[in-house]
Amino acid sequence: MKRLNGWQRLWIVLSVLYAIPVTVLTVSSIADSEDPWNNTRTGSTLRALASHPESEKIKVMPLEKQRELAIDSARARLRLAGGSDGHSQTNEEFVRDISQKWAHVIDFSAIEAEQNKMIEQRSTARTKSIGYGFLAWVAPIALVYLLGLSFGWIVRGFRDGRS
């Protein structure tokens, strides 16, 4: 097996060192789990609850249930305004509880469909970010290696011509 020469070793070390900032930039470009996708679902669910229509389903509910819905609607409006509703739940926990509690009164299916679509788009965006990061790493190091091979080939041509 042929041993690597000094230039090839230098190329390997620089390639590994170059991979570090490319990896950091790629990872930082990928959104966290608490990003606009989750905030959009939270906002949409809270808006649906805060502005629920006075439907027949609501009118036939017992007064106590109507009162609970009004309280949850007020809590949703407070959260949308950026305020605190006095509970320690995260927005995601609040939305999950509200969706389960009032699904028979308010149709959250469009919000869930939009959330699923956004999750799919997010997965595609992550895959693209990783692919672009990989290309941003491979293309320059491949170009440097090819330039080094070309330069070595040219130098060997001049050396062989002199002897």
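Structure data summary
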| item | result |
| --- | --- |
| Residue identified as among the hydrophobic types (A, V, I, L, M, F, W, C), exposed (fewer than 11 other Cβ atoms within 10 Å of the Cβ) and either touching a Lys or Arg at 6+ places or on another chain (Cβ under 8 Å) or part of a helix (DSSP H, G or I) (or both) among 146, 69 | 146 |
| Members of the range 93-122 found to be among the β-branched types (Val, Ile, Thr) and in a helix (DSSP H, G or I), listed by number | 95, 98, 111, 119 |
| Members of the range 9-29 that are over 20 Å from the mean Cα position of the chain (by Cα) and touching a residue at least 24 places away in the same chain (Cβ under 8 Å) | 11, 14, 15, 18, 19 |
| Lone unmet requirement of (1) at pLDDT below 75; (2) over 30 Å from residue 28 (Cα atoms) for residue 81 | (2) |
| Selection count where residues are surrounded by 15 or more Cβ atoms within 10 Å (Cβ to Cβ), assigned by TED's automatic domain parsing to the domain that holds residue 45 and among the polar types (S, T, N, Q), scope the range 72-130 | 3 |
| Residue count for the range 122-146, restricted to those that are in contact (Cβ under 8 Å) with a residue 40 or more places away in the chain and over 18 Å from residue 13 (Cα atoms) | 7 |
| Yes/no for residue 154 being in contact (Cβ under 8 Å) with a residue 60 or more places away in the chain and more than 26 Å from the chain's Cα centre (by Cα) | no |
| Condition met for residue 125 (farther than 30 Å from residue 20 by Cα, of a type in the set (A, V, I, L, M) and in a helix (DSSP H, G or I)) | no |
| Selection from the range 149-163 of residues that are in a helix (DSSP H, G or I) and loosely packed, with under 11 Cβ neighbours inside 10 Å | 150, 153, 154, 155, 156, 157, 158, 159, 160, 161, 162 |
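The values are calculated or read from the model by the stated rules, or taken from the named source; none is laboratory data. Please read all numbers here as calculations on a predicted model, not as lab measurements. Cβ coordinates were reconstructed from backbone atoms using ideal geometry, including for glycine residues, and neighbour counts include every protein chain displayed.
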